[in-house]
Amino acid sequence: MGTPEERLNSLLQGELSAVETYDMALEKITTPATNKVLAECRNCHANRVEKLTQMVTSLGATPTTQSGAWGAFAKLVAGGAVVLGEGPAVGALKEGEDQGLETYKGAAKNADDASSQFVVSDLLLAQENTQKAITHLYENMPAHA
């Protein structure tokens with residue numbers, strides 16, 4: 001699955017995608033309580049972008065600045081969902097968070113010792129927290145069904 005730098009850059013692409021997608025949702029969604037949760041999740045992803053960027057740099061590689069194909073897809077899904085309302089938009093974000101959690105779990109198992117330890121100690125818990133926050137928001141929205 002590539003070098004540790006490539007694996008970490010792949011995680012970085014996902015985090016860049018998450019930040020872009022949350023930014024898009026925050027531009028469209030106007031409910032203050034929803035925006036508060038979305039902003040907290042977005043900032044948590046931005047924090048992970050910083051940590052991953054620093055780790056990739058410390059390994060002597062160049063951190064990616066592109067979210068890639070997944071980012072374009074996530075923005076398309078979130079943009080379409082926003083047109084349909086807050087429930088579908090938050091549902092799309094929840095799906096992204098669920099996928100992100102699975103990605104981090106896989107990275108923790110399949111990486112070399114140093115990368116795996118970094119993922120577990122610095123990233124996985126934060127991803128679990130954003131996944132829980134967006135799931136709670138989604139499940140408590142009146143029109144999520």
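The values are calculated or read from the model by the stated rules, or taken from the named source; none is laboratory data. This is a predicted model, so every value here is computed, not measured. Here the Cβ positions follow ideal geometry from the backbone for every residue, glycine too, while neighbour counts run over all protein chains shown.
The set of residues from segment 119-139 being among the hydroxyl-bearing types (Ser, Thr, Tyr) and within 17 Å of residue 25 (Cβ to Cβ) comprises 130, 135, 138. Considering only residues in segment 68-114 that are among the basic types (Lys, Arg) and modelled with pLDDT under 85, the one that is surrounded by the fewest Cβ atoms within 10 Å (Cβ to Cβ) turns out to be 109. Residues in segment 12-20 include none that are surrounded by fewer than 19 Cβ atoms within 10 Å (Cβ to Cβ), within 23 Å of residue 87 (Cα to Cα) and of a type in the set (Gly, Ala, Ser). Sub-7 Å Cβ pairs linking a first residue in segment 45-64 that is assigned to a helix (DSSP H, G or I) to a second residue that is acidic (Asp, Glu), at least 6 apart or interchain, are 45/15; 48/15; 49/15; 51/122; 52/15; 56/5, ordered by first then second residue.
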